[in-house]
Amino acid sequence: MRIENININYGNDIVYENFSIELKDNKINCIIGSSGCGKTTLLNYIANELLQKGINISYIFQNDNLIPWKNVYSNLKLIAKNNIKEDQVEIEIDKILEEVGLKEFKYYYPNELSGGMKQRVNIARALLGTFDVILMDEPFKSLDIKCKSNIISIIKDLNIKKGITIIMVTHDKEEILNLADNLFLLGNRPVQILESSKLGDFKNIIEKL
């Protein structure tokens, strides 16, 4: 999966200029770099490019963006009804809530949940249905160690068993070591790929974070 000739600027701030990146299909690709360097901007650009090509994607945002007046089930149903058969919607919602450890909170409202629980709902929502690529923008940062470990296992399972391509922005060294097949370190202005590496050569790169 190659994304080429990316040009993005905000006024006089040239963020990307003739930038290209080659991501590995059916692998977990991690994008790292200093805060504010343009990682989320790149992720959003990639998402738009994939949608224009007709590729089914799912996106796990940093913020949960849950609708406050709808309970957990209703928030998930808004997404599920678009890509899951009607008679399977509740079954699939129950299944994913069980996987993320929130089945008993199915009818709770967002204001009744902790920050970590809301993020798990956000992740569950993104994992409903069928898709080819998952984009993730620091998806685990509000999760405790146990929950993070569980979600990482779910993501790895999707990648290994279904061959789903993962593109993830993160700052977390543990997440990189546990998940990444390919790693890209971004920096400078306009943004460049300072270093890239396949599995096994990550330690020298993540030490620069």
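What follows draws every value from the coordinates through simple rules; no lab data is involved. Keep in mind the model is a prediction, meaning the values are calculated, not measured. In this analysis, Cβ positions are derived from the backbone assuming ideal geometry, glycine residues included, and neighbour counts consider all displayed protein chains.
Only a single item in (1) under 21 Å from Gln88 (Cβ atoms); (2) touching a helix residue (DSSP H, G or I) at 6+ places or on another chain (Cβ under 7 Å); (3) part of a helix (DSSP H, G or I) is not met by Asp157, and it is number (2). If you scan region 62-96, which residues turn out to be surrounded by 15 or more Cβ atoms within 10 Å (Cβ to Cβ), assigned to a loop (DSSP other than H, G, I, E, B) and out of contact with any helix residue (DSSP H, G or I) (no Cβ under 7 Å at 6 or more places or on another chain)? Result: Gln62, Asn71. The residue that is surrounded by the fewest Cβ atoms within 10 Å (Cβ to Cβ), among those in region 141-176 that are among the β-branched types (Val, Ile, Thr) and more than 15 Å from Phe131 (Cβ to Cβ), is Ile145. A residue that is closer than 23 Å to Val100 by Cβ, of a type in the set (Ser, Thr, Tyr) and part of a strand (DSSP E or B) cannot be found anywhere in region 19-33.
I want to confirm something. Restricting to region 34-57 and keeping residues that are part of a loop (DSSP other than H, G, I, E, B) and in contact (Cβ under 8 Å) with a residue 12 or more places away in the chain, which single residue is surrounded by the fewest Cβ atoms within 10 Å (Cβ to Cβ)? Even if it seems obvious, please write down each step before you answer.
We begin by selecting, within region 34-57, every residue part of a loop (DSSP other than H, G, I, E, B); these are 34-38, 53-56.
Still in the list and also in contact (Cβ under 8 Å) with a residue 12 or more places away in the chain: 34-35, 37-38, 55-56.
On the way: Ser34: 14, Ser35: 6, Cys37: 19, Gly38: 23, Ile55: 14, Asn56: 13.
Filtering region 34-57 for residues that are part of a loop (DSSP other than H, G, I, E, B) and in contact (Cβ under 8 Å) with a residue 12 or more places away in the chain, the one surrounded by the fewest Cβ atoms within 10 Å (Cβ to Cβ) comes out as Ser35.
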